[in-house]
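Inspection log for the structure reproduced underneath, given as structure tokens.
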Amino acid sequence: MTTKKLTFEACVETPEEALAAQNNGAHRIELCSDLAQDGLTPSVELTNACVKKLKIPIMAMVRPRGGNFVYSETEIQQMEREIEFFKQSGVAGVVFGLLTSEGKIDIENTKRLTRLAFPLEVTFHKAIDYSGDVFKSFQELNEIDGITRVLTSGGMDTAWNGREVLRQMQEMPGRKIKIIAAGKVLPENRTQIAEFTGIAELHGKRIVYKAT
């Protein structure tokens, strides 16, 4: 596998960062606000500015608050309103993740939001890494129609440390969902991670920037 076959998704929170990532070779953007809280839903203004400026696809975060991924009905309704906006905004897709208080995938509400998001692409984000069994959670997500990708570090703190699980997920029989490897993915290690895991899509805040 060579870098020519890889897809680099850059996580950004400003139009300036988005443009810089595009200019540095990113193939796709994950657009968030407040990366200090690992990314929340971007504002209408931020979304519109990036849609206007960028030529590459934008995946918009749908996350109403920081903290855990167990959401109340009121929060899920807020997420629905945000998805409705994104469907009209010109982004390529949305990114969200929901768990139950038992640390399992919130199947019903994930289906609910995925159905609403259609025809947008849907990424289930790193909430999966906080579930009790990452591989089982991935199997469950593969049974939900409409999920395009799962963003994960294999349940570990970095993609490299989770590489064995990532490879197992990539090689899972009957896999329908694409995997995006995430977690400290940098220009210095992105090809190594891809070659070990077989995963061609990689994500990071600094994925297209050289370390300084």
Look at Glu102 and say whether it is touching a residue at least 12 places away in the same chain (Cβ under 8 Å) and either in a loop (DSSP other than H, G, I, E, B) or aromatic (Phe, Trp, Tyr) (or both). yes
Tell me which residues, restricted to the range 4-46, are among the aliphatic types (A, V, I, L, M), within 18 Å of Ile207 (Cα to Cα) and surrounded by 15 or more Cβ atoms within 10 Å (Cβ to Cβ). Leu6, Ala10, Val12, Ala18, Leu19, Ala20, Ala21, Ala26, Ile29, Leu31, Leu35
Matching residues in the range 13-47 - criterion: being under 12 Å from the mean Cα position of the chain (by Cα) and under 19 Å from Lys184 (Cβ atoms): Arg28, Ile29, Glu30, Cys32, Asp38, Gly39
Neighbours by Cβ (under 6 Å, 6+ apart or cross-chain): first from the range 25-46, aliphatic (A, V, I, L, M); second not in a strand (DSSP E or B): Ala26/Val208; Ile29/Ala18; Leu31/Pro42; Leu31/Cys50; Leu35/Glu13; Leu40/Asp34; Leu40/Arg63
Taking only the range 16-41 into account, find how many residues are assigned to a loop (DSSP other than H, G, I, E, B) and either touching a Phe, Trp or Tyr at 6+ places or on another chain (Cβ under 7 Å) or acidic (Asp, Glu) (or both). 6
Extreme residue, surrounded by the fewest Cβ atoms within 10 Å (Cβ to Cβ), among residues of the range 47-64 that are part of a helix (DSSP H, G or I) and in contact with a Leu (Cβ under 7 Å, 6 or more places away or on another chain): Lys53
With Asp157, Asp129 as the choices, which residue is within 18 Å of the chain's Cα centre (by Cα), surrounded by fewer than 17 Cβ atoms within 10 Å (Cβ to Cβ) and charged (D, E, K, R)? Asp157
Those residues of the range 172-212 which are within 13 Å of Ser153 (Cα to Cα) and among the acidic types (Asp, Glu) amount to Glu201
Could you check how many residues of the range 134-160 are in contact (Cβ under 8 Å) with a residue 12 or more places away in the chain and in a loop (DSSP other than H, G, I, E, B)? 14
Residues in the range 164-177 that are buried (at least 17 other Cβ atoms within 10 Å of the Cβ) and either in contact with a Lys or Arg (Cβ under 6 Å, 6 or more places away or on another chain) or part of a loop (DSSP other than H, G, I, E, B) (or both) total 1
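Each reported figure results from applying straightforward, stated rules to the coordinates on display, with no laboratory input. This one's a predicted model, so the numbers in the text were calculated from it and none came from an experiment. Cβ coordinates were reconstructed from backbone atoms using ideal geometry, including for glycine residues, and neighbour counts include every protein chain displayed.
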